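Encoded as structure tokens, the structure appears first; notes follow it.
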Amino acid sequence: MTAENNKEKHKPTDERSLFLYTALIFLVAIIMIILAFFAQTHLDKSKVSEVETEKVGLSEKAAQVSEENMQLVELNKSLKNQNTELKAENTQLTSENERLSKEASANEALLAIYKKLYDGDKKGAREDLQSIYSEDLSQSQKTFYDILVKKSQ
């Protein structure tokens, strides 16, 4: 009977220990759930702040790219204007170069005629004078041309 009494005596304390153990495990589980909840909330907040930071960073980058784009558009316009001006200047210089080239060749022809006259070849000088179109000559060249015509006769 003592064994039965022993079992009956231990039974209420065993149940109480089991209840305390179960309650302790349950309490630890609830505390862990609460900690996990706060940790998850904190993690979500930090992710939101990171996303907002990225959004701000992206909007700043977009603004910067837009500003650079505007500067490049202005630079492009400026370069196109300069290109147009340079083309006009190039056309002007090309025509001036052609005019000077014609003038130089006329000067060379008149000089060659003068040399023929100086050497006494009036006939050759007259033939060469007839091949020159006097309307293409400048004023000073026309004056020299008239002098050469008079001397070749």
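The values are calculated or read from the model by the stated rules, or taken from the named source; none is laboratory data. These numbers were taken from a predicted model, which means no experiment stands behind them. All Cβ positions, glycine included, derive from the backbone under ideal geometry; neighbour counts span all protein chains shown. In case anyone asks, the SASA skips ligands and DNA or RNA and just uses the protein heavy atoms, side chains included. Shrake-Rupley method; radii C 1.70, N 1.55, O 1.52, S 1.80 Å.
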**Asked** For residue 6, which of the numbered conditions (1) polar (S, T, N, Q); (2) within 20 Å of the chain's Cα centre (by Cα); (3) at pLDDT below 90 fails to hold?
**Response** (2)
**Message:** residue 63 - would you say it is touching an Asp or Glu at 6+ places or on another chain (Cβ under 8 Å) and either assigned to a helix (DSSP H, G or I) or loosely packed, with under 10 Cβ neighbours inside 10 Å (or both)?
**Reply:** no
**Prompt:** Is there any pair with a first residue in segment 82-104 that is closer than 22 Å to residue 137 by Cβ and a second that is assigned to a helix (DSSP H, G or I) and open to solvent by 90 Å² or more (accessible area, probe 1.4 Å) whose Cβ atoms are under 7 Å apart and which are 6 or more apart or on different chains, and what are they?
**Reply:** 102/136
**Message:** I need the full set of residues from segment 96-132 which are assigned to a helix (DSSP H, G or I), open to solvent by less than 70 Å² (accessible area, probe 1.4 Å) and among the hydrophobic types (A, V, I, L, M, F, W, C), in order please.
**Reply:** 104, 106, 109, 110, 112, 113, 117, 125, 129
**Message:** Checking residue 135 against (1) exposed (fewer than 10 other Cβ atoms within 10 Å of the Cβ); (2) modelled with pLDDT of 85 or more: exactly one of these is not met. Which one?
**Reply:** (2)
**Request:** Report whether or not residue 82 is on the phi < 0 side of the Ramachandran plot, in a helix (DSSP H, G or I), open to solvent by 70 Å² or more (accessible area, probe 1.4 Å) and of a type outside the set (D, E, K, R).
**Result:** yes
**Asked** Within segment 138-153, can you find the residues that are outside any helix (DSSP H, G or I) and open to solvent by 60 Å² or more (accessible area, probe 1.4 Å)?
**Response** 153
**Some residue of segment 38-48 being assigned to a helix (DSSP H, G or I), under 36 Å from the mean Cα position of the chain (by Cα) and at pLDDT below 85** = yes
